[in-house]
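Q: I have a structure I would like to understand better, so I am pasting it below and will then ask my questions one at a time.
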Amino acid sequence: MGSAPPYAVPIDAALGASEPLGRLAARLRESQARLDTVRPCLAPPLRDLVRPGPLDDDGWALLVPHGAAAAKLRQQLPALVEALEAAGWPQRTLRVRIVAVG
């Protein structure tokens, strides 16, 4: 009863064994690392609201729960882009998306 079924694979092993999943895991880590880079630049009320979003070849998204947070975050985009560039991150379009948390 205490052991995992024989078909169960730890998530890290599954991500490492699959090239597409491995690329996804790398993008997730990069998205979080980018957020860690810009978090100190965020207005204090936004720091706990902003989540890392999708990172693709065209850009990176920051996720917020409502329009007011999105509006404030959009005002800060130039400073965030500057922080990313100063940290050496490859330049990508920075987007803000509202995602309802339910």
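Q: Does the stretch 83-98 hold any residues that are in contact (Cβ under 8 Å) with a residue 40 or more places away in the chain, over 13 Å from the mean Cα position of the chain (by Cα) and open to solvent by 30 Å² or more (accessible area, probe 1.4 Å), and which are they?
A: The answer is Ala87, Trp89.
Q: Residue by residue through the stretch 23-49, note down the ones that are open to solvent by 80 Å² or more (accessible area, probe 1.4 Å), within 19 Å of Glu85 (Cα to Cα) and more than 11 Å from the chain's Cα centre (by Cα).
A: Correct list: Pro40 only.
Q: On the basis of being free of Cβ contacts under 8 Å to residues at least 40 places away in the same chain and not in a loop (DSSP other than H, G, I, E, B), does Leu62 make the cut? Full working, then the answer.
A: On the way: free of Cβ contacts under 8 Å to residues at least 40 places away in the same chain: yes; not in a loop (DSSP other than H, G, I, E, B): yes.
The answer is yes for Leu62.
Q: Can you tell me which of Pro44, Pro6 is farther than 22 Å from Gln91 by Cβ, of a type outside the set (Lys, Arg) and at pLDDT 80 or above?
A: One residue alone meets the criteria, Pro44.
Q: Might you check whether a residue that is aromatic (Phe, Trp, Tyr), open to solvent by 60 Å² or more (accessible area, probe 1.4 Å) and closer than 29 Å to Arg23 by Cβ occurs anywhere in the stretch 50-63?
A: Step one: filter the stretch 50-63 for residues aromatic (Phe, Trp, Tyr), giving 60.
Next cut, open to solvent by 60 Å² or more (accessible area, probe 1.4 Å) only: none.
Taking every residue of the stretch 50-63 in turn, none turns out to be aromatic (Phe, Trp, Tyr), open to solvent by 60 Å² or more (accessible area, probe 1.4 Å) and closer than 29 Å to Arg23 by Cβ.
The values are calculated or read from the model by the stated rules, or taken from the named source; none is laboratory data. None of the values given here were measured: they were computed from a predicted structure. Cβ atoms come from the backbone with ideal geometry, glycine included; neighbour counts cover every protein chain shown. SASA here: full protein model, heavy atoms, side chains in, ligands and nucleic acids out. Shrake-Rupley method; radii C 1.70, N 1.55, O 1.52, S 1.80 Å.
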